[in-house]
Amino acid sequence: MPRHPKRGPGGPGGPGGFRKPKNLRGTLRKLMRYLGRYKLHLGLVVVLLIASSACTVGGSYLIKPLINDYILPGDFRGLAKMLVLMAAVYVTGAACSFGYARVMVHVSQNCVAKIRGELFDKMQTLPLKFFDGHTHGELMSRYTNDIETVSEALNNSFASLISCTLNFTGTIAMMLVLSPPLTLITFAVLGVMLLVVRSIGSRSHLCFSRQQKTLGAVNGYIEEMTEGQKVIKVFNHEQAAKEGFYARNEEYFRAAVQAQMFAGMMMPAMGNLSYINYAITCCLGAMAAISSGGAFQLGDLAAFLQYTRQVSQPVNQISQQVNTILSAAAGAERIFEIMEMEPEADSGKVRLVRARADAAGNVTRVHEDTNAWAWMAPDGSLTPLRGDVRFHNVVFGYEKDHIILHDISLFAKPGQKIAFVGSTGAGKTTITSLINRFYELQSGSITYDGIDIRDIEKDSLRRSLGVVLQDTHLFTGTVADNIRYGRLEATDEEVKAAAQLAGADAFIRHLPQGYDTILSGDGGNLSQGERQLLNIARAACANPPVLILDEATSSIDTRTEKIIERGMDRLMAGRTVFVIAHRLSTVRNAKAIIVLEQGEIIERGDHESLLQERGRYYQLYTGQAELA
């Protein structure tokens, strides 16, 4: 891993750097683009919404003729027919509501699946520098909390807003038809309701944004502490870990209380204003019915009062959905921030191809059925892949104002073993990361078989390199699958051959199901040495011409190291190998040993010549020998 500090949850890249949506409309438009891919489904939803709203509004208007034309005159036969008609209207409305809800769930879940897939795809294109600056928990919150809020909004809120708008518009129109004067009273109360929604909604927006931010911090902290339990227990850090969690949990608690408090205030406020409106309308409407001389009858008043109750329902429902939509907008903003980031730059045009070689080793033409590889330039010319890697005056820093490597020049000819030694932070791992083009140089260049690596496609470059990292990582799956991760098309025989080469076959055959044993929890049922053996077998399966060993045997005991020493020698035979050495005894046979200190090469040579110089390497080697 890079030897530079990572920004934690409070850093610019972590949850502490969360900002409320800068462009709410823009974020909603982006969400609408996902919904827009299902135009036919949405068209059906709109038709069902209109039908449902028409049934809701029309059903209430039927109260007027029901009372005026059938109940007051005592026409029981007509009353029965009207009741059947009203029942049919309401049943039709309920069926339409059920229909659009089902269609909307289908559409919304497809959209969420698409967003989740595009977010994951995008993360695969981002450079390592992005992951260096973000905690795992903070990134995981994009897939859990943020996408969940978007899912809830797409499931319910958008269709509900359309339905509420249609119901509100239809209700106001029918109220104006029944009694314009009484409608003006309703307008006055609705004006007050809108002011309340706007006031509470703006505060709720800020609080939900803060809630999302603090929740991301809590999740990030929990994941880091869970992964680091062994370290926590070794250093008796439990109390400090708990205090750190309590502080973050308390901050999330306060943010959640505020957010839910404002969300909870909305319904009581709307409900009380609705009751006030109903009472005023009832009193004035009764007076109008008594004094109008038949122009405004009891049935008109009953229908109008029903609309009075209905008109506040859309406002109440909108106020409920506002919180969901604002929370979804905050989550969507965080998702789109990542999806709109610049992917890892790759201007390379040279690609790796299989090619047939003649007896002299010169490639002649592209041929898929061969194990030989070559670099193909855009003009079609072929260069044999030999593993000649050279650094030319390389200057690099993870940050522009903090240089790690100073004017590094070195070369590794095909088949040579080059070892890097030096103090922690000297730049050893950084050099191997640059070969993979995980980071871009400030100045200088690196060539691979005479080709500047910036001219090689990154996928082709990394396919030609095998890396055994100090930190092992095993995936959930069988032992064979984890070895095959080095080359997915490898056969079972090739997987076993790679395990034998690495010295892992013996312990694998003693596992409960051998190569079919399922590993989970990053191989928690294996020892650290066994996990590293699988890591080495994975590199052997890839069969690369250039091999990078980043302290590959640092987690393996001396006995296990001796077991795999012969296998490692066979693995390195004929390959260009870069070794970052933890134990200097493992690099004595290196063609060249390069001693780094503070990003500069201070010594270089083979083991014997460096010992004779009695410099830094001599100090490191003799110091280790004394400890041994």
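For the stretch 430-447, give me the residue count where each residue is farther than 16 Å from Ile403 by Cβ and part of a helix (DSSP H, G or I).
2
Condition check: modelled with pLDDT of 85 or more and part of a strand (DSSP E or B). Does Glu608 satisfy that?
No, not satisfied.
Regarding Met140, is this residue more than 20 Å from Met32 (Cα to Cα), aliphatic (A, V, I, L, M) and open to solvent by 70 Å² or more (accessible area, probe 1.4 Å)?
Yes, satisfied.
Listed here are the residues, each with its yes/no results for (1) part of a helix (DSSP H, G or I); (2) farther than 19 Å from Ala329 by Cα; (3) open to solvent by 50 Å² or more (accessible area, probe 1.4 Å).
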{"site": "Glu152", "(1), (2), (3)": "yes, no, yes"}
{"site": "Thr165", "(1), (2), (3)": "yes, yes, yes"}
{"site": "Gly170", "(1), (2), (3)": "yes, yes, no"}
{"site": "Pro181", "(1), (2), (3)": "yes, yes, yes"}
{"site": "Phe187", "(1), (2), (3)": "yes, yes, yes"}
{"site": "Met193", "(1), (2), (3)": "yes, yes, no"}
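Among Leu526, Leu547, Leu511, Leu534, which is assigned to a loop (DSSP other than H, G, I, E, B) and at pLDDT 85 or above?
Leu511
It is to be established whether one or more residues within the stretch 149-161 are under 28 Å from Asn277 (Cα atoms), in contact with a Lys or Arg (Cβ under 8 Å, 6 or more places away or on another chain) and in contact (Cβ under 8 Å) with a residue 12 or more places away in the chain.
no
Can you tell me which residue among Leu284, Leu305, Leu273 is assigned to a helix (DSSP H, G or I) and either hydroxyl-bearing (Ser, Thr, Tyr) or open to solvent by less than 30 Å² (accessible area, probe 1.4 Å) (or both)?
The match here is Leu305.
May I ask you to list the residues in the stretch 332-357 that are of a type outside the set (Gly, Ala, Ser), in contact with a strand residue (DSSP E or B) (Cβ under 7 Å, 6 or more places away or on another chain) and in contact (Cβ under 8 Å) with a residue 60 or more places away in the chain?
The answer is Val350, Arg351, Leu352.
Before we move on, is Gly216 farther than 19 Å from Ser327 by Cβ, open to solvent by less than 40 Å² (accessible area, probe 1.4 Å) and either at pLDDT 80 or above or among the basic types (Lys, Arg) (or both)?
Taking the combined requirement at face value, the residue does not satisfy it.
Can you spot a residue in the stretch 233-250 that is of a type in the set (Phe, Trp, Tyr), touching a residue at least 24 places away in the same chain (Cβ under 8 Å), farther than 30 Å from Ala54 by Cα and open to solvent by 40 Å² or more (accessible area, probe 1.4 Å)?
Yes, the stretch 233-250 contains a residue that is of a type in the set (Phe, Trp, Tyr), touching a residue at least 24 places away in the same chain (Cβ under 8 Å), farther than 30 Å from Ala54 by Cα and open to solvent by 40 Å² or more (accessible area, probe 1.4 Å).
For the stretch 72-143, which helices (runs of 4 or more DSSP H) that fit wholly inside it have 1 or more residues that are within 14 Å of the chain's Cα centre (by Cα) and among the β-branched types (Val, Ile, Thr)?
Passing ranges, in order: 76-125.
Looking only at the stretch 81-103, which residues are under 30 Å from Thr149 (Cβ atoms), open to solvent by less than 30 Å² (accessible area, probe 1.4 Å) and touching a Leu at 6+ places or on another chain (Cβ under 8 Å)?
Cys96, Gly99, Val103
Considering only residues that are free of Cβ contacts under 8 Å to residues at least 40 places away in the same chain and open to solvent by less than 60 Å² (accessible area, probe 1.4 Å), look in the stretch 19-57 and name the one that is farthest from Thr214 (Cα to Cα).
Selected residue: Gly43.
The values are calculated or read from the model by the stated rules, or taken from the named source; none is laboratory data. Here the structure is a predicted model, which means the values were calculated and not measured. Positions of Cβ are backbone-derived with ideal geometry, glycine not excepted, and every protein chain shown enters the neighbour counts. Keep in mind that these areas ignore ligands, DNA and RNA; they rest on the heavy atoms of the full protein, side chains included. Shrake-Rupley method; radii C 1.70, N 1.55, O 1.52, S 1.80 Å.
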